[in-house]
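Notes follow the structure.
The values are calculated or read from the model by the stated rules, or taken from the named source; none is laboratory data. Keep in mind the model is a prediction, meaning the values are calculated, not measured. Cβ sites come from the backbone with ideal geometry, for glycine too, and all protein chains shown count toward neighbours. Accessible surface is based on the protein model in full, side chains and every heavy atom, while ligands, DNA and RNA are left aside. Shrake-Rupley method; radii C 1.70, N 1.55, O 1.52, S 1.80 Å.
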Amino acid sequence: MADQQHGSDRFPFQLLVAALVALPGSSLGAAAYLGLPSLGLPAWVLVLVYGAAIVGAAFILSWAAEAVQVDINAGLALALLALMAVLPEYAVDFVFTLKCGGAYQPDSSEVPEVCSLALANMTGANRVLVGVGWPLVVLVATLAVWQARRSGADETESASTHSGAVRLAPAMSVEVAFLGFATLYSLTLPLKGSLTLWDSLVFVAIFAGYAWRLTKMETTEPELLGVSRWVGTLDKRARRGWVIAMFAFAAGVILVAAEHFAESLVETGDQLGVSKFLLVQWVAPLASESPELIVACLYAWRLKAADSLGTLLSSKVNQWTLLVGGLPIIFALSALTTDGLPLDTEQRFELLITGAQSLFAIAILLDLQLTFRGALALLSLFSVQFLVSVLLSPQANRITIIALSVVYVGLAIWRFVRHRHKTADLVRNGAVTPLDQLADEPARD
């Protein structure tokens, strides 16, 4: 498609705006690495500046990953888009993990505080993605369908049903199945005292299997919008040059801004007397996840809710395999040890509820659709624990985590047993069935 077209559209101003938003934070970050004098800005201002740089870079990454669909198949492109969208999350987590490795003392029984921050950011981002991102797609898709009806437009291309559900194509069984494999293994993590290199091997192997399955998907013509359309309709040489340049620019911004964003966030918590753990768990993901959520909402509003939810689902697979698996490796390299990334009691609780939420989310997607009722359940249960963690004591939060984890797992098991035939079909289609044998149309009840 793209090779027969040329970039006749005007240069997209959104790309320029994103680059300009990223410029102040990346400049400050680069200056800090070079040892140049700082401007003496307050920590909370630096959080905003560095956070804005990460947001701008994440948008550029998303556009580049969408444009690359012209050259690779849709499944790999979706996985790449998801991977690029969560790259800021990787950067922040890896920064805290590197600091954990530097502070680690093998003979000490105490877990350095910075070690808990790495996992706090990862678990918080995972729960925000599922508990807020997925329901948000259903809400926006429902509003988009209503708007289409009112305007008399044809909504047959929408992935939203009249009941407010977002349906996924059968090929998305791959994402759901491999998320299930990772989630089942993740439920063993709260029983451990550390995340080990063996855990890394398992999670990376699951991700490798997922990526291998996606290579079997046929190449399809993408439907690009905005900046990604402008890049995708350039001739091959120019298109690939722009994609590489966008990837390199965004990755460079994240590289120089992520560490300082994390440091400024922790310093802000110290100055304001706010829990650093809560800031890292809930505020940091706002910077790393917001571009992805915005892009997903834009797709849902354009009646492409299946692509929207598919991207967020693929992001969850990336975070729950490659990101979790990467943390012990980064820790081992920074601490020069084969010991695992240490887990304190609080982090084991966080891993428990994150894994339990993930299991429930998979159970909801057994028939490859997220209904309004399922979205409401995800949002409601997430909101309960979020409010308790912010407003009540750590002890109350632990009790809530245990109670909600029991609810999540109980509801998931009930759905797996009740829909055991769908469960078997999902695993078979996701892991074994040739993708070209799956129907093109989204699955229906």
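Please list, ordered by residue number, the helices (runs of 4 or more DSSP H) wholly in segment 215-334 having 2 or more residues that are touching a residue at least 12 places away in the same chain (Cβ under 8 Å), open to solvent by less than 10 Å² (accessible area, probe 1.4 Å) and within 15 Å of M122 (Cα to Cα). Spell out how you get there, then give the answer.
Numbers: elements: 226-232, 236-272, 284-301, 305-318.
Answer list for segment 215-334: 236-272, 284-301, 305-318.
Specify which of the listed residues (A141, A159) is at pLDDT below 85 and either touching a strand residue (DSSP E or B) at 6+ places or on another chain (Cβ under 8 Å) or within 30 Å of Y104 (Cα to Cα) (or both).
Numbers: A141 fails: at pLDDT below 85.
When all the criteria are applied, what remains is A159.
Looking at G340, G410 in this structure, which one is over 20 Å from the mean Cα position of the chain (by Cα), without any contact (Cβ under 8 Å) to a residue 12 or more places away in the chain and closer than 28 Å to Y210 by Cβ?
Values: G340 fails: without any contact (Cβ under 8 Å) to a residue 12 or more places away in the chain.
Just one listed residue meets the conditions, G410.
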Give all pairs with beta carbons closer than 9 Å in which a residue from segment 60-73 that is in contact (Cβ under 8 Å) with a residue 12 or more places away in the chain and assigned to a helix (DSSP H, G or I) meets a residue that is basic (K, R) and open to solvent by 10 Å² or more (accessible area, probe 1.4 Å); count only pairs at least 6 apart in sequence or on separate chains.
E66/R229; A67/R229; V68/R240; V70/K236
Residue pairs qualifying under the 7 Å Cβ cut-off, at least six apart or on distinct chains, with the first in segment 356-383 being farther than 16 Å from G310 by Cα and surrounded by fewer than 23 Cβ atoms within 10 Å (Cβ to Cβ) and the second being modelled with pLDDT under 95 and among the aliphatic types (A, V, I, L, M), are F372/V138; F372/A165; L379/V132; F382/V132
Identify the residue in segment 94-144 that is in contact (Cβ under 8 Å) with a residue 12 or more places away in the chain and of a type in the set (S, T, N, Q) and, among all such residues, is nearest to L179 (Cα to Cα).
N126
From the list A31, A65, A18, A53, exactly one residue is among the small types (G, A, S) and modelled with pLDDT under 85. Which is it?
A65
